[in-house]
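Undergrad: The structure's right below; bear with me while I get my questions together.
The values are calculated or read from the model by the stated rules, or taken from the named source; none is laboratory data. Just so we're clear, the structure is a prediction, and the values are computed from it rather than from any experiment. Neighbour counts run over all protein chains shown; Cβ positions are idealised from the backbone, glycine included. What goes into the accessible areas is simple: the full protein's heavy atoms, side chains included, and nothing from ligands, DNA or RNA. Shrake-Rupley method; radii C 1.70, N 1.55, O 1.52, S 1.80 Å.
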Amino acid sequence: MKKLGLVGGMSWVSTIDYYRFINEGINEKLGGLHFAECIIYSVNFNDFVSNNTAGNWDATYEIILKACQNLERSGAEAIVLCANTAHAIADRLQANFKLPIIHIVTATADEIKKRGLKKVGLLGTKFTMEMDFYKDKLISLGIKPMVPESQETRDYIQRTLKDELGRGIILEETKQGYIRIINELIANGAEGIILGCTEIPMIISQKDVSVPVFDTTQIHSQAAVTFSLS
């Protein structure tokens, strides 16, 4: 079994899900009392969000690079960035860091292609929805992403992710708001929906949506399991 290095804390609530899904995945494959060999480096979520909001991606890069270097020194053989937004610096990180980074967008695109879909809605932080790093990678893999057109809607998603879900707060009215946004994307032609923030699966699941839902936390965790057992 290969040892995984998880960069968590973005947020801590979804890092718990990563830890659970990866251990459950290993146990499902190996049975008995087999669980993952992994190390978690949990960063300060406040620093991560503040840097991103200020557009200081160099500072975000340094925070995550430091975490990865500590994980490497501790024996990690691959890196799992436990947040979609953190992948804004993943290509830069991979170019300057020797351990493989298990990329959340690549893993998600693989699952979308298995379902034969070409056009999918993408929900996430405003950085994931508005910057190019996520959408361009999907496009390069043959998938057309759609994000909510309204700035007000994207700001609403960002606010609820930061102030509610990232703090472990679950509100029914927020869930209904997300469902309305998802249904608008479906009405505009989305064949599936990417839950492109690792907190969104806390309130949205397949039973809430009429088209295939892609839970990036579970998908990324399964990719980590596959690597660990490769």
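Undergrad: Just name the residue that is surrounded by the fewest Cβ atoms within 10 Å (Cβ to Cβ) out of those in the range 182-209 that are farther than 14 Å from T128 by Cβ and of a type in the set (V, I, T).
TA: Filtering first and then ranking leaves I186.
Undergrad: Of the residues that make up the range 71-84, is at least one in a helix (DSSP H, G or I), within 18 Å of the chain's Cα centre (by Cα) and closer than 28 Å to R167 by Cα?
TA: Within the range 71-84, none of the residues are in a helix (DSSP H, G or I), within 18 Å of the chain's Cα centre (by Cα) and closer than 28 Å to R167 by Cα.
Undergrad: Among all residue pairs at least 6 apart or on different chains, which show Cβ distances below 8 Å where the first residue, located in the range 140-152, is under 20 Å from V213 (Cβ atoms) and the second is part of a loop (DSSP other than H, G, I, E, B) and open to solvent by 50 Å² or more (accessible area, probe 1.4 Å)?
TA: Once the first residue is under 20 Å from V213 (Cβ atoms) and sits in the range 140-152, its partners that are part of a loop (DSSP other than H, G, I, E, B) and open to solvent by 50 Å² or more (accessible area, probe 1.4 Å) give G142/K118; I143/K118; K144/K118; M146/N188.
Undergrad: Criterion first (over 28 Å from V213 (Cβ atoms), more than 17 Å from the chain's Cα centre (by Cα), in a helix (DSSP H, G or I) and touching a residue at least 24 places away in the same chain (Cβ under 8 Å)) does N51 satisfy it?
TA: no
Undergrad: Residue check, V105 against (1) part of a helix (DSSP H, G or I); (2) among the aliphatic types (A, V, I, L, M); (3) over 13 Å from the mean Cα position of the chain (by Cα), all met but one. Which one?
TA: Among (1) part of a helix (DSSP H, G or I); (2) among the aliphatic types (A, V, I, L, M); (3) over 13 Å from the mean Cα position of the chain (by Cα), V105 violates only (3).
Conditions tested, residue by residue: (1) of a type in the set (D, E); (2) more than 21 Å from T106 (Cβ to Cβ).
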residue	(1), (2)
D136	yes, no
P145	no, no
S150	no, yes
E172	yes, yes
I181	no, yes
C197	no, no
I200	no, no
A223	no, no
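Undergrad: A further question on this structure: Would you mind listing the helices (runs of 4 or more DSSP H) fully within the range 112-165 where at least 2 residues are within 23 Å of I203 (Cβ to Cβ) and either open to solvent by 60 Å² or more (accessible area, probe 1.4 Å) or of a type in the set (D, E, K, R) (or both)?
TA: 126-130, 151-163
Undergrad: Another question, then. For the range 11-56, what are the residues that are more than 22 Å from M131 (Cβ to Cβ), among the aromatic types (F, W, Y) and open to solvent by less than 50 Å² (accessible area, probe 1.4 Å)?
TA: Y18, F21
Undergrad: Answer yes if at least one residue in the range 57-67 is outside any strand (DSSP E or B), open to solvent by less than 10 Å² (accessible area, probe 1.4 Å), under 27 Å from A190 (Cβ atoms) and aliphatic (A, V, I, L, M), and no otherwise.
TA: No, because not a single residue in the range 57-67 is outside any strand (DSSP E or B), open to solvent by less than 10 Å² (accessible area, probe 1.4 Å), under 27 Å from A190 (Cβ atoms) and aliphatic (A, V, I, L, M).
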